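The values are calculated or read from the model by the stated rules, or taken from the named source; none is laboratory data. Predicted, not measured: the structure shown is a model, and the values here were computed from it. Quick reminder, even Gly has a Cβ in these numbers, built from the backbone with ideal geometry, and neighbours come from all protein chains shown. We work out accessible area using only protein heavy atoms, side chains counted, and drop any ligands, DNA or RNA first. Shrake-Rupley method; radii C 1.70, N 1.55, O 1.52, S 1.80 Å.
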2 protein chains.
Amino acid sequence: MIRVSIIGSGNVAQHLVSAFTKSADIELVQVLVRRKASLSCELADNQIISDYHQLQAVDLFIIAVTDQAIAEVAAQIPLQEQLVAHTSGSVAMNLLADKHRKAVFYPLQTFTKGKPVDFKSVPIGVETQRQKDAAIVKKVAGAISNQVFEINSEQRKALHVAAVFVCNFTNHLYQIGADICEQHQLPFDILKPLIEETAAKIKVLTPSQAQTGPAKRNDQQTIDSHLEILDGSQKAIYSLLTKSIQTHE
Amino acid sequence: MIRVSIIGSGNVAQHLVSAFTKSADIELVQVLVRRKASLSCELADNQIISDYHQLQAVDLFIIAVTDQAIAEVAAQIPLQEQLVAHTSGSVAMNLLADKHRKAVFYPLQTFTKGKPVDFKSVPIGVETQRQKDAAIVKKVAGAISNQVFEINSEQRKALHVAAVFVCNFTNHLYQIGADICEQHQLPFDILKPLIEETAAKIKVLTPSQAQTGPAKRNDQQTIDSHLEILDGSQKAIYSLLTKSIQTHE
């Protein structure tokens, strides 16, 4: 059994606690949170702590807190020479404390409070300061996910940017779709099968093969007619994405 | 049994042929195509025709051809006073021939050659020139879909624009994600679980509730660091969508 402790109580921390609790290969030793009540999961009372000095030595600490808090949280772990990973896509591994063996444990997924995630299909990017630590972090990741891969800092940053496009920005396009529906007395539900199928297509086609629409067809008449009914911000996004589709190689 | 004939052999036509063939309430009378070989489905040989003068009178003709060809195709139907619908999100109903009772049968979905679609969940927007024809078109739509709704031309146009955002533009964001992966020697497959979950979240959360990421958090440090590794076109899209998320009410 590999001994793991988690620091944090946000979405990522909660989902990791659930996943590790279910794994036969991992002993989840402690979860450190600021307020005990903030952790909604099945753990023995003495496993949940809020005092850093109660932390026991383990094989891997996972810090799952907001980007801004990572450095401070890491510095507060009193134990020396521990293997400590953060879960952020954008924070440099180097910001972890020098007294520890630094690592990154980056689950590439969007976590929603209360919505269970099948961790087996969540890709986990692993980065370690020392090569010999990679085996431990990969073993922990492999205990909950079928998709574990080593990456370097530059690749992790690229993945995080790519995730912003396919997740955060895509969700904003859903928002614009919902706004347009609302502006024309249509229920947003009408768009949901299309949203689902657009994502599903990507499993069997490349994005290039899946691309359709007036921009792809260079159908200027439809493009002009669409621009007529959009407001300023919607219009700017429509124009820019249309141009990007048309000039994409 | 309601008698329906289809004109066209593209993706929409093919998917409609499959759906009507399975429906107990619809008799698919004829399918008119330019070249017989272009229709890959199970129909009796004499049901597939390519001469407009062989067309029989039916309860509803559905013209499923490219936007540009709709008017010409409609004009070629020699029968008078027939109920004729096109399937386009953007073409005016009025472009159909004046000798017919005009209608629109707009399935709001993205159709891929060879990828079956469960038509039961495809919303179909129905528009008719004469109110009394609405019942027939809705009955035909209802025979293959559980989501049939009457819309007016302005709503159909709005739906089409919304569909461009949540389907065509979303797919282009997948393309940019794939490009970034390729530029950093990462397989695009890594992003697929995230793409799937982003679409799945929309079933249980509003887009506003589901919005996350550096733009939403006003995390300027991460935004700046992301912009550094993007090329010109990617950078423009990143900046505009970030600003749009930040200023969205």
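Key figures
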item	result
Index of the failed condition, A:T112 passing every other in (1) open to solvent by 20 Å² or more (accessible area, probe 1.4 Å); (2) in contact with a Leu (Cβ under 8 Å, 6 or more places away or on another chain); (3) within 29 Å of B:H172 (Cβ to Cβ)	(1)
Close pairs from the stretch B:170-183: first farther than 11 Å from B:L230 by Cα and more than 7 Å from chain A (Cβ to nearest Cβ), partner open to solvent by 10 Å² or more (accessible area, probe 1.4 Å) and modelled with pLDDT of 95 or more, Cβ under 8 Å, at least 6 apart	B:E182/B:F188
Pairs where the first residue, in the stretch B:145-158, is closer than 21 Å to B:N94 by Cβ and the second is of a type in the set (D, E, K, R) and not in a loop (DSSP other than H, G, I, E, B), C-beta under 8 Å, 6+ apart	B:E150/B:E127; B:E150/B:K138; B:I151/B:E127; B:N152/B:E127; B:S153/B:E127; B:R156/B:E127
Which numbered condition A:S153 misses (of (1) crowded, with 18+ Cβ neighbours inside 10 Å; (2) touching a helix residue (DSSP H, G or I) at 6+ places or on another chain (Cβ under 8 Å))	(1)
Restricting the stretch B:207-232 to residues that are over 22 Å from A:S88 (Cβ atoms) and within 7 Å of chain A (Cβ to nearest Cβ), the residue that is most open to solvent (accessible area, probe 1.4 Å)	B:S208
Flag for A:K203 being surrounded by fewer than 20 Cβ atoms within 10 Å (Cβ to Cβ) and among the charged types (D, E, K, R)	yes
Residues of the stretch A:84-100 satisfying the condition of being surrounded by 22 or more Cβ atoms within 10 Å (Cβ to Cβ) and outside any loop (DSSP other than H, G, I, E, B)	A:V84, A:A85, A:H86
Some residue of the stretch A:55-74 being over 21 Å from the mean Cα position of the chain (by Cα), at positive phi and not in a strand (DSSP E or B)	no
Scope the stretch B:200-235; condition in contact with a Lys or Arg (Cβ under 9 Å, 6 or more places away or on another chain), aliphatic (A, V, I, L, M) and either over 30 Å from A:D118 (Cβ atoms) or not in a loop (DSSP other than H, G, I, E, B) (or both); matching residues	B:A200, B:A210, B:A215, B:L227, B:I229
